[in-house]
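Since the structure comes first, as C-alpha cells, the remarks are kept for the end.
The values are calculated or read from the model by the stated rules, or taken from the named source; none is laboratory data. Please read these numbers as outputs of a predicted model, since none were measured by experiment. Counting neighbours? That spans all protein chains shown, and the Cβs are built from the backbone with ideal geometry, glycine included. Ligands, DNA and RNA are excluded from the accessible area calculation, which covers all protein heavy atoms including side chains. Shrake-Rupley method; radii C 1.70, N 1.55, O 1.52, S 1.80 Å.
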Amino acid sequence: MSNYFKFFYLKKVDSTNMDIRKKSIQTKKNIALFSEIQSSGKGRLNNVWYSKDGDLTCSFLLREKFSINRVGQINILACVSLFQVLEYMYEDIKFKIKWPNDIYVNEKKIAGILIETKIKGTLLDYFIIGFGVNLVSSPKGLKYNTTSISDFSRKLNPKAIFLNLARYIEKKIKFLNKNKFSV
C-alpha cells in the first residue's frame with residue numbers, strides 16, 4: 001500500500017464523513033477511514049444512510065487543491081471508482097451508475113456516494129468522499145427499492161472493497177492531477 005493515505009480503522013462512528021473531518025486536525029495527509037458500524041450516516045440532501053455491521057461505510061479526505069469547477073469531475077471519479085471496484089470484485093453482478101451518485105443493481109439501490117467540500121477562494125481546500133455499500137442490509141420503507149450484495153454473492157468483505165477503493169481513488173486522482181478531464 002502506498003503512502004498516499006493515512007489509514008484509520010474504527011469499530012463504530014456516528015458518520016464516517018463527520019469523523020474524518022475530526023481526524024483531519026490530527027494530520028495534513030490524505031485520509032482513508034473505514035468503520036465497521038456507522039450509526040448516523042448521511043446521504044445526499046440531508047437524507048439518512050442506513051447501514052448495519054457488515055456493510056461498507058468509509059470516507060476519504062483528499063487535500064488536493066483542485067479548482068472548484070472540477071467538483072463534477074471528482075464526483076464522476078468517485079462514482080466510477082466505486083463502480084469499477086464492485087465490477088472487479090463481483091464479476092457476475094450487473095451494476096449500473098445512476099447519476100449523480102448511486103450504484104444500482106436490477107433497478108434497486110445498492111450503494112451511494114456523498115461528496116462534501118471545503119472551499120477557499122476558487123480552490124477546494126479539501127474534499128471528502130463518503131461511500132456506503134449495502135453488503136448485508138437492504139433497508140425498507142424508503143422512496144426507492146434497495147438490494148444488497150448478499151442477495152447475489154457470499155463474498156462479503158467490506159475491508160477488501162475499502163482497500164481497493166483507496167487504490168482506485170489514488171490512481172484516478174493522480175491521473176486527474178496530470179491530465180485534463182475529457183469525456
ask   = Is it true that some residue in the range 133-145 is more than 22 Å from Ser15 (Cβ to Cβ) and part of a helix (DSSP H, G or I)?
value = no
request  = Would you mention how many residues in the range 88-105 are open to solvent by 80 Å² or more (accessible area, probe 1.4 Å) and out of contact with any Lys or Arg (no Cβ under 8 Å at 6 or more places or on another chain)?
outcome  = 6
key: Residue check, Tyr126 of a type in the set (Phe, Trp, Tyr), open to solvent by less than 70 Å² (accessible area, probe 1.4 Å) and farther than 18 Å from Gln38 by Cβ   = yes
query = Is there a residue in the range 147-157 that is out of contact with any Ser or Thr (no Cβ under 6 Å at 6 or more places or on another chain), within 14 Å of Lys109 (Cα to Cα) and open to solvent by less than 30 Å² (accessible area, probe 1.4 Å)?
reply = yes
Unmet requirement for Ser137, which otherwise passes all of (1) at pLDDT 95 or above; (2) among the hydroxyl-bearing types (Ser, Thr, Tyr); (3) open to solvent by less than 30 Å² (accessible area, probe 1.4 Å) = (1)
ask   = Got at least one residue in the range 10-31 being assigned to a strand (DSSP E or B), modelled with pLDDT under 95 and surrounded by 17 or more Cβ atoms within 10 Å (Cβ to Cβ)?
value = yes
query = Out of all the residues in the range 71-86, is one or more in contact with a Phe, Trp or Tyr (Cβ under 7 Å, 6 or more places away or on another chain), among the aliphatic types (A, V, I, L, M) and at pLDDT below 95?
reply = yes
